[in-house]
Structures are given as C-alpha cells and as structure tokens.
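There's a structure below that I have some questions on.
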C-alpha cells in the first residue's frame, strides 16, 4: 500500500491556504457578492472558483496539516522507540 508522506500532506494543506490567499489578493473575493443577491463587479466564474477553493481550504487544509504533523511525530516516536530497543539488546 502506497502511503502519502507526512510532508506531502502538510505541503498540500499549505498550498490550499496559499491558493485562497492569492485569490483573495487578486480580488476574487469581491466576485462572491452574488451570494447575497447583488450583482458582482467581476466574473461570476471567478467568484464560484473562489468559493469552491475557500470551502475546500476550510475543510481540508486543517485536516491535512494536522494529519501531516501527527504522522511525522508518530513516525519519529516509533523510530526512536525501535532504535532504543535495539540498543538495549546489543548490550
């Protein structure tokens, strides 16, 4: 079974956050005004894309970042524990 590395999860979470920040900086957040019933100043497509990315980032970025950190820490603990057990057997 191919497992995704802890760093991959962490980086994907950060990339989702960076994508939302880049779109917000580009002004796509203003294009989401159609949700409240007002006419957007820009494109509805960019507003929909911003919303989809924002919802994805809000739901998945914390999960990916926490999963990456927990996986990294647990793998380090397993490695440290197995190394300390081998040292005790050599003596």
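The values are calculated or read from the model by the stated rules, or taken from the named source; none is laboratory data. The shown structure was predicted, so the numbers you read here are calculated from the model rather than taken from an experiment. We place every Cβ from the backbone using ideal geometry, glycine too, and count neighbours over all the protein chains shown.
What do you reckon, is residue 55 in contact with a helix residue (DSSP H, G or I) (Cβ under 7 Å, 6 or more places away or on another chain) and either loosely packed, with under 12 Cβ neighbours inside 10 Å or more than 23 Å from residue 4 (Cα to Cα) (or both)?
no
Can you work out which of the residues in region 39-50 that are surrounded by fewer than 17 Cβ atoms within 10 Å (Cβ to Cβ) and assigned to a helix (DSSP H, G or I) is farthest from the chain's Cα centre (by Cα)?
44
Answer yes or no: is there a residue in region 7-24 that is modelled with pLDDT of 90 or more, out of contact with any helix residue (DSSP H, G or I) (no Cβ under 7 Å at 6 or more places or on another chain), loosely packed, with under 11 Cβ neighbours inside 10 Å and assigned to a helix (DSSP H, G or I).
Scanning region 7-24, I find no residue that is modelled with pLDDT of 90 or more, out of contact with any helix residue (DSSP H, G or I) (no Cβ under 7 Å at 6 or more places or on another chain), loosely packed, with under 11 Cβ neighbours inside 10 Å and assigned to a helix (DSSP H, G or I), so the answer is no.
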